[in-house]
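Data first, discussion second: the structure below is written as structure tokens.
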2 protein chains.
Amino acid sequence: MILDSETKAAELPEDHGEELRLWLRLLTCTTLIEGEVRRRLRERFGVTMPRFDLMAQLDKVPGGMTLSDVSKRMMVSNGNVTGLVERLMESGHIDRRTSETDRRVQVIRLTRLGRADFRRMAAEHKAWIADIFADLADKDVRDLMRLLAKTKASARRARTTPLPPA
Amino acid sequence: MILDSETKAAELPEDHGEELRLWLRLLTCTTLIEGEVRRRLRERFGVTMPRFDLMAQLDKVPGGMTLSDVSKRMMVSNGNVTGLVERLMESGHIDRRTSETDRRVQVIRLTRLGRADFRRMAAEHKAWIADIFADLADKDVRDLMRLLAKTKASARRARTTPLPPA
DNA sequence: GCGAATTATTTTATATATAAAATAATCCCC
DNA sequence: GGGGATTATTTTATATATAAAATAATTCGC
């Protein structure tokens, strides 16, 4: 192999193929699990994943959340939340009220029906997830938690620190 | 703690909270990275992620792929592929022909333009991914590859083996 | 070779998603 | 306290996604 005279051994390959393969595998895993969970939610409860996810956010906070909070927590656009909220209102799973201190702000909450439906679904959902990950040892789960935390931190860093031009 | 007389110590907690947390973290990681990559693809090249992904599939096979193959590889519905292909035809990035041996089958390929555009994008894309994962050590990447392979296998097993009723 | 089952793709209806612009209300600061 | 910046949400236009039904072509058993 003939090397450019500027090239140092330490910074040699710069291939980055491994990171790309890792990203593709991560994406495949998530897509696979997401598809399975979506399918079960639809077949078992006739609910979509975004509806379930939004209800899951609301279940954590009895007082309700603003649409902006939901948007940030779910990492989706504001407009997306607007539509989801409309449909969950129609089906009677959430209610909304305008904040008394800031009339721009809409606070949404689970209704009694919404909470009951969600809790019922969440219990089964948890069992599905446990089953999906059942072939991992406890240590595997711990290791994955740690490595994904590191990945998350690295991705956040990359998001805010622009890449220097090549 | 008072135990039901049927409950054995070995099968005690059955909490499954760890698996759920792992799934949420996995989903967060993927969403975070996906969002960042999508943003860069749009800002830098004015292309969407599904278009990029479809082109990536086609770049791997010079002879082209059938729509069904694309659908399976990308893990999306057939109808989704139909729409994507229409738009990529319009922009001149792919062409399509009907198989001579089976007139049901449509084979799509990158055009010269499609291949050139994709290669140019893919090079930068790879650098973005490398940057996003840059804070992981080589060993972390290897460990993640191994653990995600195991996760993938476990998820596939769960997909085909129905959960026994609780 | 005929017809039933299968396979590949498209169509339909609808839900989810985004980005960007518009709207509306509050904040902030001089 | 008035006006510009900011913030929260909605609207608009479009792309992506699904599931399910429809269409069209092939295969397979007999």
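Some notes on this structure:
- Helix A:112-132 vs. chain A, principal-axis angle (Cα, 0 to 90°, nearest 10): 30 degrees
- DSSP-assigned coil residues among GluC sites (Glu not before Pro) in the range B:84-166, each with at most 15 further Cβ atoms within 10 Å: B:100
- Inter-label distance, residue A:98 to residue A:72: 2.3 nm, where each label sits 7 Å from its Cα along the C-beta direction.
- For residue B:139, the lysines whose Cα falls under 17 Å of its own Cα, not counting residues fewer than eight places away in the same chain, are A:139, A:150, A:152, B:150.
- Measuring gaps between exposed loop sites in chain A (trypsin sites (Lys or Arg not before Pro); DSSP loop; at most 16 other Cβ atoms within 10 Å), the longest gap, sites not included, is A:105-166.
- Spin-label model, residue A:82/residue A:142: points 7 Å from Cα along the beta carbon direction are separated by 4.8 nm.
- The average projected area of the range B:86-166, computed from the convex hull of its Cα atoms over all directions, is 10.7 nm².
- Charge dipole magnitude, Cβ of K and R +1, D and E -1 - the range B:14-166, Cα centre, debye nearest 20: 540 debye
- Within chain A, helix-based [θ] at 222 nm, where runs of 4 or more DSSP H residues each add -39,500 (n - 2.57), nearest 500: -20000 deg cm²/dmol
- Toward the positive end of the charge dipole of chain B, with +1 on the Cβ of Lys and Arg and -1 on the Cβ of Asp and Glu, the farthest Cα among B:66, B:46, B:130 is that of B:66.
- Prolate/oblate/rounded label for the range B:5-129 (Cα gyration tensor, a/c 1.5): oblate
- A Förster radius of 41 Å, combined with the Cβ-Cβ distance separating residue A:48 from residue B:112, puts the computed FRET efficiency at roughly 0.50.
Quick note: the coordinates plus some simple rules give every number you see, no bench work behind them. No experiment lies behind these values; they were computed from the predicted model shown. Neighbour counts run over all protein chains shown; Cβ positions are idealised from the backbone, glycine included.
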